[in-house]
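**Q** Handing you a structure now.
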Amino acid sequence: MSEEICFAPARELARRIRARELSAREVLQAHLDRIERTNPQVNAIVTLVAERATEHARDADERLAGGAPPGPLHGLPVAHKDTHATAGVRTTSGSPIFADHVPDRDELVVERMRAAGAITLGKTNVPEFAAGSHTFNPVFGLTRNPYDLSRAAGGSSGGAAAALACGMHPLADGSDMGGSLRNPASFCNVVGFRPSPGRVPSWPVPAGWSTMSVQGPMAREVADAALLLSVLAGPDPRSPIALDTPGAAFAGPLDRDPAGLRVAWSPDLGGTVPVDPAVTAVLEPAVKVFEELGCAVEEACPDLSGADEAFRTLRAWHWDIALRPLLDERPADFKPSLAANIEAGRSLTGADLGRAEMLHTALFHRVREFFERYDALLLPVSQVPPFDAGLEYPDEVAGRPMPDYLEWMRSCFLVSATGCPALSVPAGFTSAGPGGLPVGLQIVGPHRADLDVLRLGHAFEQATRHAARRPPLA
């Protein structure tokens, strides 16, 4: 019964709780038991508030029994990303500076999940300040990949992805600047969706007009990610870029026949991104599934020139305005790679930022014109399969040296710079090892075409069912 609960789709769990076939307490306890059995091996959930969650689950059952209308996530247990502020629950950002920090308010995504009936059971592990796509930090240590404990779980939402794969919670919130929802989803065989900027409003943030970093959903199925997006999305007066479309637009069925869609496939973004042959070997047959679904598929890639410079400049600026005072005050408490990013931001000039914005704008228009010819772009999520957890990042990809911890993430961060919605969906496993390692397919759509991307990902998922393979320890 516990396994049935922990690996049931979030939509089904929510329905059964509303129908009073299951209680919120039963669902919570099944997940707490799962955490006790599996979390010591992967270190995905780093702060657990079991007593508080049990009390909230009891309240949820009593409200339902009393006739109170349930929210769409009523009774579902969730663990929030440890960079997302949670009132009364420790939020460390993976930094010793905030090792004992307990916020007095929720940030917007947490606020919306709780208002929809979700029950907070804890926090998921992150890299230090969510910088990098490998989840380790000096406060809680390393999160391991549940499909191979010697491998990385990705990041920065690595704890969330590993916990989902192991059945520790049915839904997860995350964030994504350079791939932090997509890379860990690819590494852990779950779904991660980077929505269009403004689709999920962020608050509080130091740069409310910035479009590079977004928050979004993770789940084990695309339809569950859409369920969570229906809660997270929608306008809010505290975000200057919030889109007006209500979240309810994402609450309906995703079934749509993709036949006739024009789909571009780019295995290496026009030769600009090195990709491990093991990844390509998994994705090439996956792409043929779209042809079987009736799509017209051809190899093509938008012109992404300038995307690298725009992303790196605006990212460095982000780290500078967010963390420079802390670096000045406590330099010993920053990992060298993040400190270097902050210093790079400190050295930027007005001309540097102006050039980045011009490149960013020109990129938008070239990609807009590309999507006048195609309905979607397919490409790798990650350029490598899950790598050795003992490394900070892969030092080479397909024989090409990686000069820094961003370079191996170009297949994601170049897409971030476009501002387009992007989905990571399980696409299969490599042939390495006894069971192979997960590989995700990235589906990118036109500007603000979030629902179309989710629908296409759902069609692929239903045709392949790669997400059904659970990790050995689960």
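**Q** On a C-alpha basis, how far is the centre of region 189-211 from the centre of region 149-171 in Å? Whole number, if you could?
**A** If we compute the Cα centre of each part, the gap is 20 Å.
**Q** So, one more: Rounded if a/c is under 1.5, else prolate if a/b beats b/c, else oblate: with a ≥ b ≥ c from the C-alpha gyration tensor eigenvalues square-rooted, which is region 28-175?
**A** Verdict is prolate for region 28-175.
**Q** Mind checking the per residue accessible area of the chain for me, 1.4 Å probe, whole number of Å²?
**A** 36
**Q** May I pose another question? How large is ³J(HN,Hα), in whole Hz, for each residue of region 251-266 in order, when computed from phi with the Karplus curve 6.51 cos²θ - 1.76 cosθ + 1.60 and θ = phi - 60°, using x for Gly and Pro?
**A** 8, x, x, 9, 5, 7, 5, x, 4, x, 5, 9, 10, 9, 10, 10
**Q** Among (1) 42, 24, 21; (2) 57, 31, 23; (3) 31, 26, 22, find the value of semi-axes √(5λ) of the Cα gyration tensor in Å that was calculated from the structure presented, and write down its label.
**A** Label (3) holds the value from this structure.
**Q** Please compute the contact order of the chain in relative form: average sequence separation of alpha-carbon pairs under 8 Å and at least six residues apart, divided by the residue count, as a percent.
**A** Computed value for the chain: 16 percent relative contact order.
**Q** Which sequence of Asp308, Asp328, Asp173 reflects their accessible areas, 1.4 Å probe, from the largest down?
**A** Of Asp308, Asp328, Asp173, the descending order of accessible area is Asp328, Asp308, Asp173.
**Q** Considering only protein heavy atoms and a 1.4 Å probe, what is the carbon-and-sulfur percentage of the accessible area of region 314-411?
**A** Result for region 314-411: 55 percent of the exposed heavy-atom area is carbon or sulfur.
**Q** With +1 assigned to the C-beta of every Lys and Arg and -1 to the C-beta of every Asp and Glu, and no other charges, what is the dipole magnitude of region 149-271 about the Cα centre in debye, to the nearest 20?
**A** 180
**Q** Taking all pairs of different Cα atoms in region 60-104, averaging 1/r and flipping that mean, what Kirkwood radius in angstroms comes out?
**A** When all Cα pairs of region 60-104 are included, the Kirkwood radius is 12.6 Å.
**Q** Using a 1.4 angstrom probe and counting only protein chains, how large is the accessible area of Lys335 in Å², to 10?
**A** Near enough 30 Å² of accessible area.
**Q** Here is a further query. Note down the relative contact order for region 87-224 as a percent, whole number, built from C-alpha pairs under 8 angstrom at least six residues apart.
**A** Once normalised by length, the contact order is 20 percent.
**Q** Out of every Cα pair in region 3-47, what percent are spaced more than 18 Å from each other?
**A** 32
**Q** Among rounded, prolate and oblate, which fits region 282-401 when a ≥ b ≥ c are the square roots of the eigenvalues of its C-alpha gyration tensor, a/c under 1.5 means rounded, and a/b larger than b/c means prolate?
**A** It is oblate, given that a/c is not under 1.5 and a/b is not larger than b/c.
**Q** Here's a follow-up. In nm, to one decimal, how far is the modelled label at Ala296 from the one at Arg355, with both set 7 Å along Cα→Cβ?
**A** 4.0
**Q** Quote the charge dipole size of region 226-294 about the Cα centre in Debye, to the nearest 20; the model charges only the Cβ of Lys and Arg (+1) and of Asp and Glu (-1).
**A** Charge dipole of region 226-294: 200 debye, to the nearest 20.
**Q** With the full set of protein chains in place, find how many percent of the accessible area of region 1-159 is carbon and sulfur; take the probe as 1.4 Å.
**A** In region 1-159, the share of accessible area belonging to carbon and sulfur is 47 percent.
**Q** Roughly how many debye, to the nearest 20, is the charge dipole of the chain about its Cα centre, given +1 on each Lys and Arg Cβ, -1 on each Asp and Glu Cβ, and no other charges?
**A** That gives the chain a dipole magnitude of about 700 debye.
**Q** Let me ask something additional. At R0 = 56 Å, how high is the FRET efficiency between Arg58 and Arg330 if r is their beta carbon distance? Nearest 0.05 is fine.
**A** 0.85
**Q** Compare the Cα positions of Ala172, Gly208, Gly192 along the charge dipole of region 161-234 (+1 at Cβ of Lys, Arg; -1 at Cβ of Asp, Glu; about the Cα centre) and return the one farthest towards the positive end.
**A** Going by the Cα projections, it comes out as Gly208.
**Q** Give me the percent of accessible area attributable to carbon and sulfur for region 202-260, probe 1.4 angstrom.
**A** Carbon and sulfur: 57 percent of the exposed surface of region 202-260.
**Q** Over the Cα atoms of region 64-145, each weighted equally, I'd like the Debye log10 I(q)/I(0) at q = 0.12, 0.16, 0.25 Å⁻¹, rounded to two decimals.
**A** Taken in order of the listed q values, log10 I(q)/I(0) reads -0.40, -0.64, -1.14.
**Q** Could you give the distance between the Cα centres of region 398-453 and region 342-395, to the whole Å?
**A** 12
**Q** To continue, here is another question. Assuming R0 = 30 Å, can you tell me the calculated FRET efficiency for the pair Ala65 and Arg105, based on Cβ-Cβ distance, to the nearest 0.05?
**A** That pair, Ala65 with Arg105, gives E of 0.50.
**Q** So, one more: Choose one of His101, Gly66, Val78: the residue whose Cα lies farthest towards the positive end of the charge dipole of region 64-140 (beta-carbon charges +1 Lys, Arg; -1 Asp, Glu; about the Cα centre).
**A** So the residue furthest toward the plus end is Gly66.
**Q** Using helices alone, I'd like the mean residue ellipticity at 222 nm for the chain: each DSSP H run of four-plus residues gives -39500 (n - 2.57), total over residue count, nearest 500.
**A** Calculated at 222 nm, the ellipticity per residue is -12000 deg cm²/dmol.
The values are calculated or read from the model by the stated rules, or taken from the named source; none is laboratory data. Quick caveat: nothing in here was measured; it's all calculated off a predicted structure. No Cβ is skipped: glycine too gets one built from the backbone with ideal geometry, and neighbour counts run over all protein chains shown. All accessible areas refer to the heavy atoms of the entire protein, side chains included, with ligands and DNA or RNA removed. Shrake-Rupley method; radii C 1.70, N 1.55, O 1.52, S 1.80 Å.
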